[in-house]
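Read through the structure below, which is laid out as structure tokens, and then see the notes.
The values are calculated or read from the model by the stated rules, or taken from the named source; none is laboratory data. What you see is a predicted model, and the numbers here were worked out from it, not measured in a lab. Neighbour counts are summed over all protein chains in view; Cβ atoms, including those assigned to glycine, are modelled from backbone coordinates with ideal geometry. Accessible surface is based on the protein model in full, side chains and every heavy atom, while ligands, DNA and RNA are left aside. Shrake-Rupley method; radii C 1.70, N 1.55, O 1.52, S 1.80 Å.
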Amino acid sequence: MDPFSSDTAFDALYPAHISQLASRHWTPLSVAKEAATFLAVGDSPRILDIGSGVGKFCLVGAHFFPSAFFAGVEHRGSLHAIATKLSIKLGLSNTAFFEGDFSNIDFSAYQHFYFYNSFYEHLEQSDLIDDSVPISNELFHAYNRNLYKALKKMPSGTRIATFHSTENEMPTSYEVVGIGSNEDLKFWIKL
């Protein structure tokens, strides 16, 4: 079965404990395709997924848009390893994953961004991915501020697709230019 044909088929590629988290924590296939369509514009665009988890957005984007490059940054080493292994298994050469804090990434190396509210886990007390992330309002707000500052520095024309975002991380210089078929998916362009 083509793993890109449905969420069930794609999520079956992951270990069972990761696949079970899919409906709550990983980007749905339809959202990933729609977001990637919005972001994969221009000549060989470089797109960064901020808080990429097990890499589903990047892997789907890389499959459907081979002329674009999709990178993901994830602070959990275990999720980073799963994304990297699956990228190799799928034979995708236009994607890469980095382990670490997104604040250490050079945003100027990318033209466009994807953000599936990865900071919210610092506020959530139930349905966690694992117990490695502290519940902390301070961390949630600090990460939002860091992302806000990084996005604010980007040039006019920068695109970002957000999914389930609180929009606190979005500078006022970005304007919503569309909403996806899932109303929690928003498309932004910096003026």
(Q) With every atom except the alpha carbons ignored, what do you get for Rg and Dmax of the chain, in angstroms? (A) 15.4, 44
Q | All-pairs alpha carbon distance profile, segment 29-69, 10 Å steps from 0, percent | A | 33, 60, 7
Q: Hey, can you grab everything whose amide H is under 5 Å from the amide H of ASP184? Only 5+ residues off in sequence or another chain; H modelled, so Pro and N-termini drop out.
A: none
(Q) Once you keep just the Cα pairs under 8 angstrom separated by 6 or more residues, what percentage relative contact order results for segment 1-124? (A) 24
**Q.** Highest-fluctuation residue, ALA40, ALA22, ALA12 considered, GNM on the chain with Cα pairs under 10 Å
**A.** ALA12
Q.
I want the local charge near ALA68. Using Cβ-Cβ distances under 13 Å, sum +1 for each Lys or Arg and -1 for each Asp or Glu among the other residues.
A. +1
Q. Where a ≥ b ≥ c are the square roots of the eigenvalues of the C-alpha gyration tensor, would you call segment 46-110 rounded, which needs a/c under 1.5, or, failing that, prolate if a/b is larger than b/c, or oblate?
A. oblate
Q) Quick one: how many Å² of ILE105 are accessible to a 1.4 Å probe, rounded to 10? A) 40
Q: Could you state how much accessible area ARG46 has, in square angstrom rounded to the nearest 10, with a 1.4 Å probe and all protein chains kept in place?
A: 80
Q) When all C-alpha to C-alpha distances in segment 1-110 are sorted into bins of 10 Å, what percent of pairs does each bin hold, rounded to whole numbers? A) 15, 51, 30, 3
Q) Order of 79-90, 52-63 by packing, highest average Cβ count within 10 Å first? A) 52-63, 79-90
Q) For segment 136-191, what is the accessible area per residue in Å² when the probe is 1.4 Å? A) 53
Q: Roll a 1.4 angstrom probe over the protein heavy atoms and tell me the percent of accessible area of the chain that is carbon or sulfur.
A: 52
Q: Would you mind checking LYS56/LYS89; LYS89/LYS186; LYS153/LYS190; LYS56/LYS85; LYS152/LYS190; LYS56/LYS152 for any pair whose Cα atoms are more than 20 angstrom apart?
A: LYS89/LYS186; LYS56/LYS152
Q | Gaussian network model of the chain, Cα within-10 Å springs - most flexible of GLY77, GLY51, GLY42 | A | GLY42
Q: Give the long-range amide H neighbours of PHE70: residues separated by 5 or more places, or on another chain, with amide H under 5 Å away, using H modelled in the peptide plane at 1.01 Å from N.
A: ILE47, THR95, ALA96
Q: Note down the accessible area of SER19, probe 1.4 Å, to the nearest 10 Å².
A: 40
**Q.** FRET efficiency estimate (nearest 0.05) - Cβ-Cβ, LEU191 to ARG24, R0 30 angstrom
**A.** 0.35
